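Worksheet: one structure, shown below.
Readers should treat all values here as calculations from the given coordinates under stated rules, not as data from a laboratory. Bear in mind that the values here come from a model prediction, so they are computed numbers and not experimental data. Ideal geometry is used to build each Cβ from the backbone, glycine not excepted, and the neighbour counts take in all protein chains shown.
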């Protein structure tokens, strides 16, 4: 099975530990989102999987083998770690042709991936003239070049315009449907929620979660209901009598915690409380992620004090 297997993986730099006894498995047929605050160890882990760094202890294998032992590795694994990697004086076509030749990949694949990533019209332009989004597309083209069963992509949406973000989202889903193993690192929670089936979450080099996305969100964020009424006291008293905790907002809006919309609907209808709006507030990946990683964030901004005008 074409899986990525990380087993008791540790990486130390001097006295610091970037990855701390990490164990998880990335399976085929789904997109696995790889999440964590800055400094959590995501990039280090991906470099260890790709053999770019040596672990202090533990193993990281692809289909049971270390990356360094793979023959013609681009046929097995496609990776995007740094969109700035291609040499600026080369054209996109030449960059991909060199990669293809080094891995005995048929030359026709170069044209295939240029077309798939939307770069055909600029394939003969030098990479130094590319925008960040175009460089991202070139990096993705290189990752797809060998038609590999395993892909590791670090922030693939970075620099893409709205059309590009929709494109990469659909591409990731398609790759998973084809039975490939797809690991995607990202800081964009809403975007990750749009394509990921499963999550691996790190904090300070340790595994915090390894679970399906839906289970992760629902386990950490309780359901809430938004209600708007012209009779706030009646609604407040009704909810309190039935054990519901509610928070009053502006314009007659209330948020009922740990509640479901059908229950609040039956309750207000039976009591004759006027309701102008009744809606479920969906739990989000961002809420669940922040709840889990709050204590594992290495860099946290401190709110600035109010600005004072300078006196002459």
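Tabulated results
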quantity: Using alpha-carbon coordinates, inclination of helix 261-271 to the longest axis of the chain, degrees; calculated: 10 degrees
quantity: Two-decimal Rg/Rh across the range 23-106, once Rg and the Kirkwood Rh are taken from alpha-carbon atoms; calculated: 0.99
quantity: Whole-number D in µm² s⁻¹ for the chain, Kirkwood Cα-pair radius fed into Stokes-Einstein, 25 °C, 0.890 mPa s; calculated: 110 µm²/s
quantity: Packing rank of 131-141, 225-235, where each peptide gets the mean count of other beta carbons within 10 Å, highest leading; calculated: 131-141, 225-235
quantity: Relative contact order, percent, the chain [alpha-carbon distance under 8 Å, six or more residues apart]; calculated: 21 percent
quantity: 0 to 90° range, to nearest 10: angle between helix 232-241 axis and the chain longest Cα axis; calculated: 80 degrees
quantity: Among 57, 121, 89, residue whose mean-square fluctuation peaks in a GNM of the chain (springs only between Cα atoms under 10 Å); calculated: 121
quantity: The range 221-290 - Rg and Dmax from Cα coordinates, angstrom; calculated: 12.0, 39
quantity: Angle in degrees between helix 92-102 and the longest Cα principal axis of the chain, rounded to the nearest 10; calculated: 60 degrees
quantity: Global form of the range 148-237, assessed from the alpha-carbon gyration tensor, a/c cut-off 1.5; calculated: prolate
quantity: Over the chain: helical MRE at 222 nm, DSSP H runs n ≥ 4 each giving -39500 (n - 2.57), nearest 500; calculated: -9500 deg cm²/dmol
quantity: Pairwise centroid distance, computed over Cα atoms, of the range 261-277 with the range 1-50, Å; calculated: 48 Å
quantity: Ranked by how many other beta carbons lie within 10 Å on average, peptides 199-210, 151-162, 248-259 from highest; calculated: 199-210, 151-162, 248-259
quantity: Protection-proxy order for peptides 101-112, 212-223, each taking the mean of Cβ atoms within 10 Å per residue, highest first; calculated: 212-223, 101-112
quantity: Pairs of alpha carbons in the range 47-165 whose separation is greater than 20 Å (percent); calculated: 42 percent
quantity: Cα gyration tensor shape for the range 40-85, rounded if a/c is under 1.5, else prolate or oblate; calculated: oblate
